[in-house]
1. May I ask you to verify whether Asp70 is part of a loop (DSSP other than H, G, I, E, B), within 16 Å of the ligand (Cβ to nearest atom), out of contact with any Leu (no Cβ under 7 Å at 6 or more places or on another chain) and open to solvent by 80 Å² or more (accessible area, probe 1.4 Å)?
2. With (1) out of contact with any strand residue (DSSP E or B) (no Cβ under 9 Å at 6 or more places or on another chain); (2) within 12 Å of the ligand (Cβ to nearest atom) as the list, and Leu81 as the residue in question, which single condition is left unmet?
3. If I filter the stretch 118-137 for residues that are assigned to a loop (DSSP other than H, G, I, E, B), more than 16 Å from the ligand (Cβ to nearest atom) and either open to solvent by less than 40 Å² (accessible area, probe 1.4 Å) or farther than 21 Å from Gln95 by Cβ (or both), do I get at least one hit?
4. Collect the residues in the stretch 194-206 that are at pLDDT below 95 and either in a helix (DSSP H, G or I) or open to solvent by less than 20 Å² (accessible area, probe 1.4 Å) (or both), keeping them in residue-number order.
5. Taking the options Arg91, Arg42, name whichever one is open to solvent by 60 Å² or more (accessible area, probe 1.4 Å) and either under 19 Å from Met171 (Cβ atoms) or not in a strand (DSSP E or B) (or both).
6. Kindly evaluate Ile99 against the criterion of being part of a strand (DSSP E or B) and away from the ligand (no atom under 16 Å from the Cβ).
7. Filter the stretch 76-93 down to the residues that are more than 21 Å from Val147 (Cβ to Cβ) and either in contact (Cβ under 8 Å) with a residue 60 or more places away in the chain or among the polar types (S, T, N, Q) (or both) and list them by number.
8. What number of residues within the stretch 151-162 satisfy the criterion of being surrounded by fewer than 13 Cβ atoms within 10 Å (Cβ to Cβ) and touching a residue at least 60 places away in the same chain (Cβ under 8 Å)?
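The values are calculated or read from the model by the stated rules, or taken from the named source; none is laboratory data. Because the structure is a prediction, the values reported are computed rather than measured. Neighbour counts are summed over all protein chains in view; Cβ atoms, including those assigned to glycine, are modelled from backbone coordinates with ideal geometry. The accessibility values were calculated without ligands, DNA or RNA, using every heavy atom of the protein model including side chains. Shrake-Rupley method; radii C 1.70, N 1.55, O 1.52, S 1.80 Å.
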Amino acid sequence: MPFDITSIYTVIGQSVVYILIFLFITAVLASVLIAYSIKTERFIFPNFMLFNITLLENLLKALFRLARMDDDIVDEVGIQLKNKISLKKFRNTPQDRRIIFLPQCLRGVDCPSKLSSEGMQCINCGSCEIGKAKKCAEEKGYKVYIVPGSSFIIRLVRKHKPEAILGVGCMAEIKAGLEMCEKLNLFGVGLTLDKAGCVSTVLDWNNFYEFIGKDN
Ligand code: SF4
């Protein structure tokens, strides 16, 4: 039988088209579920959504932009889903094996803390909520670090070898932090800032206290 290169190319071409159509339909379905989840706070088919967010993030965001919706919703739902997956294991980890990372941008504008190899050294001056929150979390057994960036986080994780991490930060930082936790087999959860930026950022501290207050 003669070798027909043209029909091989045709089969490959058709397969690629079918795969692209399949991915597009999958992404549309996932986008609808993501939009529904953010509106209702009910997560239907979470594994399907997370699978799509992991593999088709850019396509999903493009669909959201096409629908004139905020594409940050994709990241937000991705973070919430990952939090849900890790939460039980996080809570089953002894408190002294958990670390909390707070971003330095949450500090008061006149913060007198000095930078050390363990991050900013808060003296609980009362100018921002960090001092009180740090004390409260440490009393529960957490190690708490106020960090200026991701390189500090990686170094402190290597040094203190936690099993679970609670990270506070902007959406991009939390997303990168949860990916780091997955790579290092750590149980990571993230709380996103209500207002991000370089200084004077805002966190829903009630949410933070509620989170650490739910410990065993
Ligand atoms: S409480 Fe701590 S982090 Fe906040 S401003 Fe005072 S020293 Fe800085």
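1. no
2. (2)
3. To start, the set of residues in the stretch 118-137 that are assigned to a loop (DSSP other than H, G, I, E, B) comprises 118, 122-129.
Now drop any that are not more than 16 Å from the ligand (Cβ to nearest atom), which leaves none.
Checked against the condition, which is being assigned to a loop (DSSP other than H, G, I, E, B), more than 16 Å from the ligand (Cβ to nearest atom) and either open to solvent by less than 40 Å² (accessible area, probe 1.4 Å) or farther than 21 Å from Gln95 by Cβ (or both), the stretch 118-137 yields no hits at all.
4. Thr201
5. It is Arg42.
6. When the stated conditions are applied, Ile99 passes them.
7. Across the stretch 76-93, the qualifying residues are Glu76, Gly78, Gln80, Leu87, Lys89, Arg91, Asn92.
8. Counting residues in the stretch 151-162 that are surrounded by fewer than 13 Cβ atoms within 10 Å (Cβ to Cβ) and touching a residue at least 60 places away in the same chain (Cβ under 8 Å) gives 1.
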